[in-house]
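In what follows, a single structure is set out as structure tokens and then discussed.
Just so you know, all these numbers are worked out from the coordinates, no wet-lab data involved. All values reported here derive from a predicted model rather than from experimental measurement. All Cβ positions, even for glycine, are placed from backbone atoms using ideal geometry, and neighbour counts span all protein chains on display.
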Amino acid sequence: MQLDGFMLPPGLILILGAFILPQVEGRVRHALLLALPLLTLLMVWLIPHGSHLTLGLMEYELEPLRSSAEGRLFATVFAVAAFAGGWYALNKATLLELSAAFFYAGSAIGVTFAGDLITLFIYWELMALGSTLVLWANGKQNPRAYPASMRYLLVHLCGGVVLMAGIAGHVYATGSIAFSSMTMTDGLAKWLILAGFLVNVGAPPLSAWIADAYPEASPSGMVFLSAFTTKTAVFVLIVGFPGTEILIYIGLYMVFYGIVYGLLENNLRRLMAYSIVSQVGFMVTAVGIGTELALNGAAAHAFAHIIYKALLLMSAGSVLLMTGKRHCTDLGGLFKHMPITAIAGITGALAISAFPFTSGFVTKSLETAAAYQFAATASDPMLLVWVWFLLTAASAGSFLYVGLKFPWFVFFNKDAGLRPTDPAPHMQYAMWFFAFLCIALGVFPEALYAILPYQNDLLAQPKSYQQYTASHLLSQFQLLLFAGLAFFALLPLLKQTLTISLDVDWIYRRLFKVLGQEFTFKVGDLGGKTEAKIHGRIKRLIAHMHGPSGPRIHWPSGFMVLWVAVLLVGALGLYYLR
Amino acid sequence: MLAATAIAVIRQHSLFAIVMLFGIYSLLSASIFVVLDAVDVAFTEAAVGAGISTMLMLGTLVITGHHERTPKHGPVLPLVVVMLTGAVLVWGTLDMPPFGAADNPVHQHVAPRYIEDSPQEVGIPNMVTSVLASYRAYDTMGEVIVVFAALVGVLALIGIREQKSPRPVSTTDDKPPRPVLQVMAKLLIPYIMIFALYVQFHGEYGPGGGFQAGVIFASAIILYVLTFGLDDAYALVAPSVLRPLAALGVLLYGGTGVVTMLMGGTFLNYSVLADDPVQGQLYGIIAIEFGVGLTVATVMMLIFYAFISRGEKAA
Amino acid sequence: MSASGNQRSRPSPSRWSKRRTRWLIVAVLLALAIVPEFFVTHYAHFESLGIELDARFGFYAWYSFFACGAMIAIAKLLGIFLKRRDSYYDE
Amino acid sequence: MSMHLPALQVIIPLLLAAVIFLFNNARIAYIVSVAASWLCLAIAIQLLLLVNDGSVIEYAFGGWEPPWGIAYNVDQLNAFVLVIVSGIAAIMFPFSWRSIQAEIPASLHVLFYTALLLCLAGLLGMTITGDAFNFFVLLEISSLATYTLISLGKDRRSLSAAFQYLIMGTIGGTFILLGVGLLYTLTGTLNMADLAERIGPLQASRTLQAAFAFLVVGIGLKLAMFPLHLWLPGAYATAPSVVSAFLAATATKVAVYALLRFMFGVFGADFAYGEMHVELMLVSLALVSVLFASLIALLQRGVKRMLAYSSLAQIGYMLLGIGLANVSGLTATLLHLFNHALMKGVLFLALAMVFYRTGGSSMRHMSGLGRQMPWTMAAFVVGGLSLIGVPLTVGFISKWYLILASIERGWWPVTAVILVASLIAVMYIWRVVEVAYFKERPADLPTVSEAPLSLLLPTWTLVAANIYFGINASVTTGIAQNVAQTLLGGVQ
């Protein structure tokens, strides 16, 4: 197909759509909500492989469109997530949220097509902006969304700043702005870029932002939020840092961080947020392993994860929407009243637990497989042995804290007396759609495998992709069932309490607040006074020398005149100091 | 003596005395300039420093008050500042070419041409005037505009109360009439004005020029105001007449430049004003000096009016 | 919060019977999961390194059980230090 | 007439100031001022085009060749600054009419425009002149006009602010004069190019060093180099809104230009960096100022004062660029001259519109304005994004080069400071956005409507420029890099 004529970055469709949505009403808006992501999807697939587009900025050649297999895979699932998310949100979400979500999704797709670091950075920041807006949009319904969005923005801008420093350093060191594997380059710049990426992935020590921010969004808002930011970060890690060993440790930490905090968590959607960290930890570990199989695994897992996590959040969101309750302690016995929501939730829970015949099963095991396959050739095989054993344990753990905990406390357990119904039809449809995808990918994994980035590997070692062997099925069943045994046996220990768990965010939510109250806004009212206070110390010091100081207006002049003289001598003195 | 006066200024607390001492200081510096052979500068210092600025400061005193408030902070800080700055200055002068030596760069580079060629190029004997009014005429225009800008500032800040005071009780009228003073002033003022005109038009040949003339002219009017009161002065020269004149002076200067431009020269190149370049220089210098005088005189008067009218209001 | 979903809070005969059926189902499922172990051979993932733990009989079953137990225990332990009232940050 | 362009650049506003003073009619004053500003812009652009090939235009006043007479020298550097200053004027002057109706008594409008034109002429003259003493004269013109403009503020504190600025400005001017005087005793010339030539053999002279120190500190006062900045927040915060906008966008830029001109055009880069190590002072002061001013900005309740402190931080960036002493650094400085004028222009104009409608510009006055004045606040947001350095705005371009320069130098802590300060900028801009978009309008404040088109149009022109030059930065970066290379010459 000859399409060179209108090669636009597909992300722009959604970004432009974000600005069109407010201009239209009713059915047209609904139609656009569903049509634009599909159009984007079409665009993603119409762009010929390996094509690219360039654009000049400063002295650099930007590459806002570079088609790659990884990019296409992620763009595909992003478009699908935007589609289903839009469907789910259809007339429940505020207009601002919908526009922001499209803007956000479009930027995420923009990242997947970015061929250079500056384009990447631009979309990266647009994403931060879009996602923050998705959060804000819920400020009316949930007042806590608003400060949460500020903290969220702050973390991401910090990440962005580190990323930008890294990019600048990288460009200076290599002279190239191309976005490609950086494992060969060296120096501080590389680590800064990595750090910037890791902030978005939810790596320690800043893992807390996910659980802090996402659950404050609206039901549909969190569906959007869960899909893009962390997964885009996984994408850039796949492209930029395959095989960076430190990612293995970071990934493992994230896996268990998510499980432990998830087990402690009472708020349903915070639980889901922790499970995002945990699941993304799997992917990060796989990127750290860095073989083609591992990268395929990370990509495939990201693909499947977006779908089942969105499904879980749609289910949890529906519960929140229909009952107004967000805590395990307030819920229970909803299966009878919200059967469709329950089925969706259970399907998602099974998928995240890698239950056979679900998408999780066929993707997560790629990563564990990568661990043992690489062990034979790796320089440090014991590390990979550990990785394998830990990931296997974590697979069981996933079942424990999401696969069982979520359905059990919400849909079964003791009836909490709530009598909601299933949510609006369009929300049900969206859940059906994703539930279907979860199963379909599990039953027919070949379709997903066919679009994975490293096809050579796939063809050379078909065996490793043969998920449905008796041994594998059996071991997986054992893993899950005995995790279930542990769950029910230790249920008393899992008694949910109305609490939250402290995390690193304590530093910026509590410590800074205390420090801030101590030092700032109390004096902020009368402009000049603030500075006076800052100067107060120095003033008092000098006041010792020449008696009480006078009215404020006279002081700065004298103060400054002194500085003038000091600088004058200083400027001259430099000549002799050196 | 200069130093003694300066120290006296610092030690004094009565602002009135300080202003008077400043006048003395200016006169003393003027005589130093005379010693240094800088007659033009001395002239300006005497007219501006000792004359007009003393008047203006007195005008300010009428508005504010005669006594300094207790100092805000001790002398240590200013002392440190002055010592440091002074140290750098002294430092800088250590390597400076010796004062008065003929081989100084100052006397080697640009100055010789001014001295040797200006009579032929510009055609007037006073080199200072030829530098100010021709070689560096553009700077002089800038200075005139500085004066003009100061006027704009004063008008914006204080303004002139144009209408006569409803009750004819002003500070001067409260006191008994001073016939001796008034007669003396009436006698003096015409001479001062004529002297001003002389300085104005004789600037090309001897010390003097627009600045000095303008200031002297203004002091004549100021003397009149002081002796006869503001209302009479308004009757003589109203601020509404002076205002446009101040701008006209600037425009006369600038306009001369524009005319030279239109006649094919660069801005302020008077040589094109007449067939003979030297004659052209003369025309140009006369025109701009008149502009300078006009602006300086009117601005000085206006500023004085501004202070005095405000002072009367305060009283 | 008195109605909080804890199955032990108010035991009643019906709940006991429910619990018993539940455990019965679990036991049957677990048995079903163990039985095929006799017929299926697991291959060791790290044979080359001499590690054959994962090929032993019932490895996945007990490994899963103890791993999950350990994770719950660790979470419970950390919870002692980390848990704060739900309104902690709003104060 | 094209040979007279350099002279006309300054003479038009200078003489028209006297003309409008003569006519003494506010409406005529306004129309003439706007026409003057547009003419100036046209001339500046024409000049820039003429020198874009690297040539230098010389204009000798009075027909006397330098060093005997006074000359204007136009090269790429000052033509670039001329375009900045006159461009900002061309946008702000039309804006001023409605804005001052609300802030300045009608009887003073003529004086306002006279002072404004004088200020513009002074700034343009300082930029274009090739004569050190002439620079001082024009500096005095612009300074006097500036004091007047500031004192016209509605806020009574503007008087004391103007007075304080007058004191400090006079000290600065005196220092500059002392520096020029010392140079004259050393060389016997005042022409900058001639000075540069004759300074060459004098490297170790103490007089030269003292002259350098006086000039750097004197200009430092004028450009509000930390810690000589104390006059600036008061002045910007209390001046009439449009004056704040004009000064913030132009005055400090010209002072930075003057520093560049004296450092490179008179003393030479070798002397400035190699002998005087001025970069050590500039970098250390710049870093402190960037951090300190950003933090103080964060604590302000008055938005104008906040922006004034943010200007200090931005001046810090410019000094940092000079201090880094490499091509990228200077490029960043030059770009930031242009870019900061654009972004601060937008921010202050947006504030001026807020003031026009609500009669104040504190955080309180801005609460809930997001809905009531959507276009005004949108302009503020774009300006804020630019200030932060978000890609696709001009702020990003200059910050990018600054970061590159610091990395080139291997000074990672400097990079860190730049980035941290950007974060702080996010926070203080965010505070305004938060108040404007997420707070309800206080009940005791009246509901207001969007600002009139005559105010919105100039503001949005600047907004468009912010975005246009953020995306298509080739023109500005091209010029800046050229100039930076020329300035540094053989130093690297």
message: Rg/Rh for the stretch C:44-91 to two decimals, with Rh computed the Kirkwood way over all alpha-carbon pairs.
response: 1.35
query: Which value, in Å³ per residue, describes the convex hull spanned by the Cα atoms of chain A?
result: 209 Å³
query: Which Cα, out of C:Y63, C:G50, C:L77, lies furthest along the positive dipole direction of the stretch C:44-91 (beta carbon charges, K/R +1, D/E -1)?
result: C:L77
- request: Would you kindly compute the Cα radius of gyration of the stretch A:37-140 and its largest Cα-Cα separation (Dmax), both in Å?
  value: 14.7, 46
- request: Based on other C-beta atoms within 10 Å, arrange C:K83, D:K344 from fewest to most.
  value: C:K83, D:K344
Pairs beyond 19 Å (Cα-Cα), from A:K495/C:K76; A:K231/A:K364; A:K309/A:K364; D:K154/D:K344: D:K154/D:K344
task: Would you mind ranking D:T358, A:T347 so that the residue whose beta carbon has the fewest other beta carbons within 10 Å leads the list?
output: D:T358, A:T347
query: So what's the projected area for the stretch A:240-383, the Cα convex hull averaged over all directions, in nm²?
result: 9.1 nm²
statement: Toy charge model, Lys and Arg Cβ at +1, Asp and Glu Cβ at -1: the stretch B:178-315 dipole around Cα centroid in debye, rounded to 20, equals 520 debye
query: Based on the alpha carbon coordinates of chain D, what radius of gyration and maximum Cα-Cα distance (Dmax) apply, in Å?
result: 21.2, 71
statement: The computed P(r) of the stretch A:146-248 puts the percent of Cα pairs beyond 15 Å at 64 percent
- request: Could you work out the longest stretch of chain A that avoids the GluC sites (Glu not before Pro) located in DSSP loops with at most 12 other Cβ atoms within 10 Å?
  value: A:60-578
task: Specify, per residue and in Å³, the volume enclosed by the convex hull of the alpha carbon atoms belonging to the stretch A:1-176.
output: 122 Å³
message: About the Cα centre, and with charges only on the beta carbon of Lys, Arg (+1) and Asp, Glu (-1), how big is the dipole of the stretch D:382-463? Nearest 20 debye, please.
response: 220 debye
- prompt: Just the Cα atoms of the protein assembly as shown, one point each, no solvent: what log10 I(q)/I(0) does Debye give at q = 0.05, 0.07 Å⁻¹?
  reply: -0.49, -0.83
field: Whole-angstrom Cα spans of the stretch B:227-289 along principal axes, big to small
entry: 49, 18, 11
message: Could you compute the net charge surrounding D:Q76? Neighbours are other residues with a C-beta less than 15 Å from the C-beta of D:Q76; K and R count +1, D and E count -1.
response: -2
task: Taking the Cα atoms of the stretch D:277-492, report the difference between the largest and smallest coordinate on each principal axis, in whole Å and largest first.
output: 62, 32, 22
message: Run the helix sum for chain A: -39,500 (n - 2.57) per DSSP H stretch of 4+ residues, divided by residue count, reported at 222 nm to the nearest 500 deg cm²/dmol.
response: -23000 deg cm²/dmol
- prompt: Any number yet on Rg/Rh for the stretch D:33-136, C-alpha, Kirkwood?
  reply: 1.06
query: Taking θ as phi - 60°, what are the ³J(HN,Hα) couplings along the stretch B:44-51 by the Karplus curve (6.51, -1.76, 1.60), each to the nearest whole Hz, with x for Gly and Pro?
result: 4, 4, 5, 6, 7, x, 7, x
task: For the stretch A:41-49, take each phi angle, set θ = phi - 60°, evaluate the Karplus expression 6.51 cos²θ - 1.76 cosθ + 1.60, and give the result in whole Hz per residue in order, putting x for glycine and proline.
output: 4, 4, 4, 4, 8, 7, 5, x, 4
- line: Tilt, helix A:246-264 to longest principal axis of chain A (alpha-carbon atoms), in degrees rounded to tens, equals 80 degrees
query: Residue by residue, what Karplus-based ³J(HN,Hα) values in Hz, rounded to whole numbers, does the stretch A:329-339 have, using 6.51, -1.76 and 1.60 with θ = phi - 60° and x for Gly and Pro?
result: 5, 9, 10, x, x, 8, 4, 5, 8, 10, x
field: Positive-end extreme of charge dipole, the stretch A:241-519 - chosen from A:M272, A:A394, A:A351 (charges on Cβ)
entry: A:M272
- line: Ranked on Cβ counts within 10 Å of their own Cβ, fewest leading, A:R419, D:R431 go A:R419, D:R431
- line: If N is the residue count of the stretch B:261-315, its Cα Rg over 2.2 N^0.38 Å rounds to 1.84
message: Could you compute how fast the stretch B:120-315 diffuses translationally, taking Rh as the Kirkwood radius over C-alpha pairs and applying Stokes-Einstein at 10 °C with viscosity 1.306 mPa s? Give it in µm² per second.
response: 89 µm²/s
- prompt: To the nearest 10 degrees, how steeply does helix D:474-488 sit against the main Cα axis of chain D, on a 0 to 90 scale?
  reply: 30 degrees
